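Here's the structure we're looking at; comments come further down.
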Amino acid sequence: MKIETHIPAKISALAVSVAFALSSGAMTVWPDYFSVTVPPNIAPLNFEVGGCPPGAKVEAVMTGAGSSRLAAEGPEILWNDDAWRGFLAENKGGKYEISLVISTNGVALSALVATNVVSESPIDSHLTYRLIPPSYTGFSEMGTYLRCLENFEERPIYRNVQADFSQCVNCHTHNAASPSNYLFHTRAYKGGTTIVSPRYGKFKVDLKADGFVSAGVYPAWHPSGDFVAFSLNETRQSFFAVNPEKIEVMDLQSDLILYSLADNKIKVVEMDPEVFECFPTWSPDGTALFTVRAITPFKDTSESEAVRGDRVFNSATNIFYDLAVRPFDARKRTFGAPETIFDGRAIKKSVIHPRVSPDGRWLVAAIASHGVFHIWHRDSDLYIFDFEKKSIRPLAELNSAESESYHTFSSAGEWMVFSSRRDDGTYTRPYFAKFDKENGTFSKPFLLPAKRPRDHWRRMKSYNIPEFSAGPVAESASELRDIVDSEPRKAVVEE
């Protein structure tokens, strides 16, 4: 199945804030929560108004159906939690008007009026993510966190400071947003993959075997919960002396395996030195596995990492990943040959992070000029593939002048969360948008709500790999620490 490709130039930047025309200067609103569609169970969308004249009064009013009304005064607009929940409940499936008036001595200087929509469709109640400093500064303190989207509660799932030795905590993922079926990796100290499964229990597994370039890295749960596909990756980061980008992170080699939880066995899917293959993701029915694949000229994997890394870096801008799919028979645990459905190399574009909508019709991926770590590529945009019409288009309604990268559909396919650096070009933050499953379009995105908007600026860490969870995970941090601290099962490679 070929997808017709048309990749336009980078679109113009989206407005980061709402600006007011005012004789004394420009006032701004951040985050921009105007003209958006919101879930009926989202936390209060608090925002702040900047650049107001001294002594100015700032008042925001939300007016909905019937007599429903909610008001707050600024310049920090902090809605009452209980009143907010009641207001959304009254206006679920409808619209409300939000007005912002700035006045001095009773005279209105400026006003903004917009209409917001309260969707009938709730969003998954929780979001999991890593909080990390820029990766090149080290990993002395990091972890995975659970945030309730219905309020502002955040708690750690597991942090590396709980261990007795330095660790990297990474690549957490849920199976279809299930809070009882997830995994994450820990590297260095007693490294392995911690798995929580309602069918197979809670344990740690070692997926590194002779001849493997690494243990399992980027995971994808099979919908049955019986298998996890992993890419094996050997990566390297290099820094630019003079370049608009800060850093280039590259694969030196990447392969593909399938892990079976039922019998603790690994099946090698792809281990070709001429092919880099990673970021697996399953079709909703589990009959197909999507990956991204690059054909490389680097056949000699016996070279030192430094030598091979230099060769890859010197050719980094000429490595392009295609989107491919291969059929899967779960009963036999066999795969068919991969078929390229998006030829990135032909148009000198690189696609990563494919994610399929729960109804199987749509796939969203990040596309940039080259390479496989688009979080470091400012030109990275999100694109949507329509399998029914066999077409692709850029998601102009979501993209910005900065990097858009990791993204996930909600369990019902009604919402998407994606990673964006649009606010400052440095830190990645999660944005949400309502998805129209009939037309393949998204509403205007909005930033993860914060108790106080400036908390986003105070938190000098990136939200990495945002994943939906339909509820809180049951395991405590201490229980997970015991699993991480245990001896791992050694997975067996099938002959």
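If I filter region 429-452 for residues that are under 22 Å from R393 (Cβ atoms) and in contact with a Gly (Cβ under 7 Å, 6 or more places away or on another chain), do I get at least one hit?
Within region 429-452 (the criterion being under 22 Å from R393 (Cβ atoms) and in contact with a Gly (Cβ under 7 Å, 6 or more places away or on another chain)), the answer is yes, since at least one residue qualifies.
Going by the conditions given, is T104 more than 23 Å from R429 (Cα to Cα), hydroxyl-bearing (S, T, Y) and exposed (fewer than 14 other Cβ atoms within 10 Å of the Cβ)?
Judged against the criteria, T104 is not a match.
Within the set of pairs 6 or more residues apart or between chains, which connect a residue that is small (G, A, S) inside region 166-177 to a residue that is crowded, with 21+ Cβ neighbours inside 10 Å with Cβ atoms less than 8 Å apart?
S166/N160; A176/W221; A177/D124; A177/S410; A177/F468; A177/S469
Does D272 satisfy being more than 17 Å from Y218 (Cβ to Cβ), acidic (D, E) and either surrounded by 22 or more Cβ atoms within 10 Å (Cβ to Cβ) or at pLDDT below 95 (or both)?
Answer is yes for this residue.
Given the structure, is F212 at pLDDT 80 or above, aromatic (F, W, Y), farther than 17 Å from L289 by Cβ and out of contact with any Asp or Glu (no Cβ under 7 Å at 6 or more places or on another chain)?
It is true that F212 is at pLDDT 80 or above, aromatic (F, W, Y), farther than 17 Å from L289 by Cβ and out of contact with any Asp or Glu (no Cβ under 7 Å at 6 or more places or on another chain).
Is it true that L88 is part of a helix (DSSP H, G or I) and closer than 18 Å to F446 by Cα?
yes
What are the pairs, 6+ residues apart or on separate chains, where a residue within region 310-330 that is at pLDDT below 95 has its Cβ under 8 Å from a residue that is β-branched (V, I, T) and not in a loop (DSSP other than H, G, I, E, B)?
Listed by first residue and then by second, the contacts come to I319/V312; Y321/V292; Y321/V351; Y321/I352.
Quick test for you: out of D322, D329, D343, pick the one residue that is touching a Ser or Thr at 6+ places or on another chain (Cβ under 9 Å) and surrounded by 17 or more Cβ atoms within 10 Å (Cβ to Cβ). Quick ask: steps written out before the conclusion?
On the way: D329 fails: surrounded by 17 or more Cβ atoms within 10 Å (Cβ to Cβ); D343 fails: surrounded by 17 or more Cβ atoms within 10 Å (Cβ to Cβ).
On inspection, the qualifying residue turns out to be D322.
Just the residues that are exposed (fewer than 15 other Cβ atoms within 10 Å of the Cβ) and either touching a Leu at 6+ places or on another chain (Cβ under 7 Å) or modelled with pLDDT of 95 or more (or both), please, taken from region 107-128. Spell out the reasoning first.
Let us first name the residues in region 107-128 that are exposed (fewer than 15 other Cβ atoms within 10 Å of the Cβ), namely 107-108, 111, 113, 115, 120.
Matches in region 107-128: A111, T115, E120.
Please verify whether region 331-341 includes one or more residues that are of a type in the set (V, I, T), farther than 21 Å from G413 by Cβ and at pLDDT 95 or above.
yes
Name the one entry in T301, T281, T296, T287 that is out of contact with any His (no Cβ under 9 Å at 6 or more places or on another chain) and modelled with pLDDT of 95 or more.
The unique qualifying residue is T287.
For region 402-442, which residues satisfy the criterion of being in a loop (DSSP other than H, G, I, E, B), surrounded by fewer than 21 Cβ atoms within 10 Å (Cβ to Cβ) and either at positive phi or polar (S, T, N, Q) (or both)?
Within region 402-442, S411, G413, G425, T426, N439, G440 meet the criteria.
Taking only region 182-192 into account, find how many residues are without any contact (Cβ under 8 Å) to a residue 40 or more places away in the chain and closer than 17 Å to R130 by Cα.
Within region 182-192, residues that are without any contact (Cβ under 8 Å) to a residue 40 or more places away in the chain and closer than 17 Å to R130 by Cα number 2.
Take the residues in region 93-137 that are outside any strand (DSSP E or B) and touching a Ser or Thr at 6+ places or on another chain (Cβ under 8 Å), then tell me which one is nearest to Y33 (Cα to Cα).
Among residues in region 93-137 that are outside any strand (DSSP E or B) and touching a Ser or Thr at 6+ places or on another chain (Cβ under 8 Å), the one nearest to Y33 (Cα to Cα) is S119.
Go through G471, G440, G425 for me and flag whichever is at pLDDT below 90 and more than 13 Å from the chain's Cα centre (by Cα).
After ruling out the rest, the residue left standing is G425.
Could you please let me know if V364 is surrounded by 24 or more Cβ atoms within 10 Å (Cβ to Cβ), among the aliphatic types (A, V, I, L, M) and not in a helix (DSSP H, G or I)?
Taking the combined requirement at face value, the residue does not satisfy it.
The values are calculated or read from the model by the stated rules, or taken from the named source; none is laboratory data. Just so we're clear, the structure is a prediction, and the values are computed from it rather than from any experiment. No Cβ is skipped: glycine too gets one built from the backbone with ideal geometry, and neighbour counts run over all protein chains shown.
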